[in-house]
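Working notes for the structure below.
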Amino acid sequence: MTRERVLTLLRRFGPLALIVVLFVAAFASGLADHISLEELRARGAALQAFAHEKPLLCVAIYLAIYVSSVAISLPGALILSLTGGFLFGPIGGGFAAVTGATGGSTITYLVFRTAFGDMLRKKPTAFLAKVEAGFKGDAFNYLLTLRLIPAFPLLVVNVAAGVMNIRARTFILASVLGMIPSSFVYAGIGAGLGHIFAKGGPVTLETLFSPRIYLPIIGMGVLAFLPPLWRHWRKGRGTALLDEK
């Protein structure tokens, strides 16, 4: 294998290998276990004091943790969004959560686009080529819909967009807009965690969320998906009319 070939493989798959190594290291070291509501409860007072004394440094550390966690696909983005509201309030926490989630998602997207983005162009199967064409046909609305509905994990959406080689500008814009509603909802809930912690007793994600929180967010995702569905229906109807003639 030539030196140029080795360098090409390193550029293509090196970032992905690094993410895998960091992911394994985070779990092996127990670092991933610290992203939890119980950890936030235990260290909440100290964290809020630090955020009050050194807000800019606290925001920088928070963003670094959020971006890194999402980039290496650690579970806990929801916990981190709640933490943003707990530390910085519903507005500041919402903006911080959107920034962190978008930054980490963009890194994952770029890594997978670098590793696999050329696959469809060099060795396209009929099925993958059709999926890519359909996805790219209205990539912004598809991505916006996936971001608006919390049921779709960040990792799955990030990897799919990277493999499908979606344009970076489209990915970032749809991600920011799509994650704003849920991020601010989560930050708003996080802002009230102090009162919940003070009452004592177990605190779980199930006790914090209810259908009245999730349903409006899912509804926004459905609304975002209506325009591409309408265009698809109109296009199909137009094709059918031409065939009749």
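The values are calculated or read from the model by the stated rules, or taken from the named source; none is laboratory data. Quantities reported herein were computed from a predicted structural model and do not represent experimental measurements. Cβ atoms come from the backbone with ideal geometry, glycine included; neighbour counts cover every protein chain shown. Accessible surface areas use protein heavy atoms only, side chains included; no ligands, DNA or RNA. Shrake-Rupley method; radii C 1.70, N 1.55, O 1.52, S 1.80 Å.
A few remarks follow.
- At the residue level, residue 142 shows approximately 70 square angstrom of accessible surface with a 1.4 angstrom probe and all protein chains present.
- Each label was represented as a point 7 Å from its Cα along the Cα-to-Cβ direction; for residue 28 and residue 168 these points are 3.1 nm apart.
- For the range 137-180: rounded, prolate or oblate by the Cα gyration tensor [a/c cutoff 1.5]: oblate
- Once both labels are positioned 7 Å from their Cα atoms along Cα-to-Cβ, the gap between residue 5 and residue 195 label points is 6.6 nm.
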